[in-house]
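The values are calculated or read from the model by the stated rules, or taken from the named source; none is laboratory data. These numbers were taken from a predicted model, which means no experiment stands behind them. Cβ atoms come from the backbone with ideal geometry, glycine included; neighbour counts cover every protein chain shown.
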């Protein structure tokens, strides 16, 4: 079990005024965090469209993380929803 601090951007920032939440994951990869965050959102914020997680990316301080990447050692990531515009 690992506790992760997830910084919230875009639509996710509506979830918490601090724009950061703690997510507990039982796995060691970004895919495990994605699933844990999805479950937390469905439970705590049922009106939020949790499917947005499937189209969002996680990043650490230096790069975008893929689902098979290990969780960062410092326990901090950001979730970035897709954006559009021109």
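Table: residues versus (1) modelled with pLDDT of 95 or more; (2) surrounded by 14 or more Cβ atoms within 10 Å (Cβ to Cβ); (3) under 18 Å from residue 75 (Cβ atoms).
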site: 11; (1), (2), (3): no, yes, no
site: 18; (1), (2), (3): yes, no, yes
site: 25; (1), (2), (3): yes, yes, yes
site: 30; (1), (2), (3): yes, yes, yes
site: 37; (1), (2), (3): yes, yes, yes
site: 50; (1), (2), (3): no, yes, no
site: 56; (1), (2), (3): yes, yes, no
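Each row is one residue, and each column tells you yes or no for (1) free of Cβ contacts under 8 Å to residues at least 40 places away in the same chain; (2) out of contact with any strand residue (DSSP E or B) (no Cβ under 8 Å at 6 or more places or on another chain); (3) not in a loop (DSSP other than H, G, I, E, B).
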| site | (1), (2), (3) |
| --- | --- |
| 11 | no, yes, yes |
| 18 | yes, yes, no |
| 21 | yes, no, yes |
| 36 | yes, no, yes |
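Considering only residues in the range 70-86 that are surrounded by 15 or more Cβ atoms within 10 Å (Cβ to Cβ) and touching a helix residue (DSSP H, G or I) at 6+ places or on another chain (Cβ under 8 Å), the one that is nearest to residue 25 (Cα to Cα) turns out to be 71.
Take the range 39-48 and flag every residue that is part of a helix (DSSP H, G or I) and surrounded by fewer than 16 Cβ atoms within 10 Å (Cβ to Cβ). Passing the criteria: 39, 42, 43, 44. Just so you know, in the range 58-86 the residues that are free of Cβ contacts under 8 Å to residues at least 24 places away in the same chain and in a strand (DSSP E or B) include one that is nearest to residue 3 (Cα to Cα), and it is 59.
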